[in-house]
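Beneath this line is the structure, given in structure tokens, with notes to follow.
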Amino acid sequence: MDEQFVLSVVVDNHAGVLARVSSLYSRRGYNIDSLTVSATDDPDISRITIVVKGDEYILGQITKQLMKLEEVKKVERLMPETSLFRELLLLKVKAPLEYRSSIKETVEIFRARILDMAPDAMIIELTGQQSKIDAFLDIMKPFGILEMCRTGITAMARGTSTLFNPENTDNI
């Protein structure tokens with residue numbers, strides 16, 4: 001049975017790294033469920049969060065192949081019980097006058113924010129776990145979803161440990 005794995009990958013921050021990492025997956029026929037990339041506090045380092053489904057064998061193969069790329073500094077599997085996983089949703093929903101109060105109430109319950117309001121539509125922002133985003137979308141569907149954009153999972157381990165510290169050679 002396929003399990004969902006979240007990998008946090010520390011890489012050199014330069015052109016072509018993302019293409020090399022993502023092509024590694026496609027060449028082997030693995031599907032990426034979610035991929036987010038961002039710079040870190042060090043402008044020379046980026047962090048890639050990859051969500052993939054598979055078994056332990058596939059996870060091992062992906063990790064080994066990633067570590068073969070010279071730009072990859074570290075790969076770590078993040079576990080749900082010791083990490084925080086978050087997604088961002090931007091949702092444009094139909095919002096005629098007669099439904100606005102219901103939509104606003106739902107937004108408040110989910111601790112979302114209304115970013116924009118037009119005569120017949122709203123743009124709502126929600127950050128949270130994947131299950132919270134999915135539940136919010138299920139409730140909003142009857143109002144009429146016009147458009148949506150999800151970031152995919154971004155994640156970080158809890159506590160004081162860090163994924164990459166250039167002064168600590170144990171990370172390399």
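The values are calculated or read from the model by the stated rules, or taken from the named source; none is laboratory data. Only a predicted model underlies this, so the values are computations on that prediction, with no experimental measurement involved. Using ideal geometry, Cβ is built from the backbone for each residue, glycine included, and neighbour counts are taken over all protein chains shown. With ligands, DNA and RNA removed, areas are computed over all heavy atoms of the protein, side chains included. Shrake-Rupley method; radii C 1.70, N 1.55, O 1.52, S 1.80 Å.
Kindly state, to the nearest 0.05, the FRET efficiency for residue 3 paired with residue 42, given R0 = 35 Å and r defined as their beta-carbon distance.
On the way: r = 32 Å, r/R0 = 0.90.
After rounding, the FRET efficiency stands at 0.65.
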Problem - Helix axis angle, 100-109 relative to the chain longest principal axis, alpha carbon, degrees - result: 40 degrees
Exercise for the section: For semi-axes √(5λ) of the Cα gyration tensor in Å, several values are listed as [x] 36, 17, 15; [y] 35, 16, 12; [z] 25, 18, 16; flag the one computed from this structure. Expected result: [x]
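Using a 10 Å cut-off on Cβ atoms, rank the peptides 14-23, 129-138 from the highest mean neighbour count down.
Numbers: 14-23: 12.8, 129-138: 15.3.
Top to bottom by mean Cβ count within 10 Å: 129-138, 14-23.
If you scale each eigenvalue of the Cα gyration tensor by 5 and take the root, what three semi-axes come out for region 84-154, rounded to whole angstrom and sorted largest first?
Details: eigenvalues 85, 26, 20 Å².
Here the semi-axes work out to 21, 11, 10 Å.
How many lysine pairs does region 50-172 hold where the Cα atoms are under 14 Å apart and the two sit 8 or more places apart or on different chains? Display every interim value, and only then the final one.
Working: 64/73; 64/74; 92/104; 92/141; 94/104; 94/141.
Number of lysine pairs found: 6.
May I ask you to derive the relative contact order of the chain, considering only C-alpha pairs under 8 Å and at least 6 residues apart, and to give it as an integer percent? Write out the running numbers ahead of the final one.
Numbers: 295 pairs, mean separation 45.8, N = 172.
27 percent.
Can you order the peptides 93-100, 82-89 by their average number of other Cβ atoms within 10 Å per residue, highest first? If you can, show how the numbers build up before the last one.
On the way: 93-100: 14.9, 82-89: 16.5.
In decreasing order of mean packing, 93-100, 82-89 become 82-89, 93-100.
What is region 37-119's relative contact order, in percent, from Cα pairs under 8 angstrom and six or more apart in sequence? Don't skip to the end; give the middle numbers.
On the way: 24 pairs, mean separation 10.0, N = 83.
Averaging sequence separation for qualifying contacts and normalising by length gives 12 percent for region 37-119.
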Exercise for the section: May I have the extent of the alpha carbons of region 8-80 along their three principal axes, as whole Å values ordered from largest to smallest? Expected result: 34, 28, 19
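Can you tell me the dipole magnitude for the chain around its Cα centre, using point charges on the Cβ only (Lys, Arg +1; Asp, Glu -1), in Debye to the nearest 20? Could you put the intermediate results ahead of the total?
On the way: 21 positive and 25 negative charges, 54 e Å.
My answer is approximately 260 debye.
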Practice task
Add +1 for every Lys or Arg and -1 for every Asp or Glu among the other residues with Cβ under 15 Å from the Cβ of residue 53, and state the total.
Solution key: -3
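Quickly rank 41-51, 56-66 as a protection proxy: mean count of other C-beta atoms within 10 Å, highest first. Numbers along the way, then the final one.
Details: 41-51: 16.5, 56-66: 14.6.
For the peptides 41-51, 56-66, the packing ranking is 41-51, 56-66.
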Handout entry: For residue 83, residues with placed amide H under 5 Å, excluding near neighbours
Key = 158
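Could you grab the relative contact order for region 84-154? Cα pairs under 8 Å, six or more apart, rounded to a whole percent. Intermediate values should be presented prior to the final figure.
Values: 120 pairs, mean separation 36.2, N = 71.
With pairs under 8 Å counted, the relative contact order is 51 percent.
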Fill in the blank from the handout: Residue-normalised value, i.e. accessible area per residue, for the chain at 1.4 Å probe, in Å², stands at 59 Å²
